[in-house]
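Just so it is clear, none of the values below were taken in a lab; they were calculated from the coordinates. In this text the structure is predicted, and so the values were computed from the model without any measurement. Glycine also receives a Cβ, built like all others from the backbone with ideal geometry; neighbour counts cover every protein chain displayed.
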Ligand SMILES: [Fe+2]
Ligand SMILES: [Fe+2]
């Protein structure tokens with residue numbers, strides 16, 4: 001599909017400076033959902049948000065959208081192995097934002113993307129349309145990653161399990177990241 005080629009070229013152009021600086025590569029060590037690493041999850045969220053920005057009838061600041069999305073989970077620890085685990089969902093946007101501010105010059109839009117991406121789990125809503133897009137993309141990708149992992153586990157042929165497997169397969173192969 002031509003729009004995906006266009007999206008990937010634009011993504012490559014916009015993401016390169018962020019991927020080359022800071023510690024984003026550290027996210028490759030940490031699992032996010034299922035078999036997906038935090039790094040793969042961040043790339044998927046950024047690509048999904050960029051894809052949505054290309055098909056929606058609004059103007060988006062795409063450079064800030066991609067930078068904020070890439071850094072939205074820049075918390076740099078394995079959340080499965082720390083005492084924070086239960087509260088990770090509430091605290092990690094603030095930690096990610098502090099890390100990102102240390103390593104990058106953030107715009108207000110990028111900062112808001114990172115701080116508010118867990119809405120509605122965290123109560124303050126996103127302020128900019130770019131933040132809304134990343135919040136939505138994060139949910140889409142997390143759902144896809146969780147169902148994809150579940151789908152791999154379900155192999156026993158019962159109808160409900162079969163339906164869950166089909167659903168996971170469909171979500172896992174949506175072409176937007
Ligand atoms: Fe997050
Ligand atoms: Fe995320």
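Summary of computed values
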{"item": "Ranked packing of 8-15, 109-116, 56-63, most packed first, by mean Cβ within 10 Å", "result": "109-116, 8-15, 56-63"}
{"item": "Extension gain from residue 136 to residue 21, taking 0.36 nm per residue of separation minus the Cα-Cα distance", "result": "38.8 nm"}
{"item": "Relative exposure of 33, 92, judged by other C-beta atoms within 10 Å (fewest first)", "result": "33, 92"}
{"item": "Over the stretch 1-136: Rg over Rh, Cα atoms, Kirkwood Rh", "result": "0.95"}
{"item": "Protection proxy ranking, peptides 21-29, 69-77, average beta carbon neighbours within 10 Å, highest first", "result": "69-77, 21-29"}
{"item": "Length gained when the stretch residue 121-residue 81 is fully extended (0.36 nm per residue, less Cα-Cα span)", "result": "12.3 nm"}
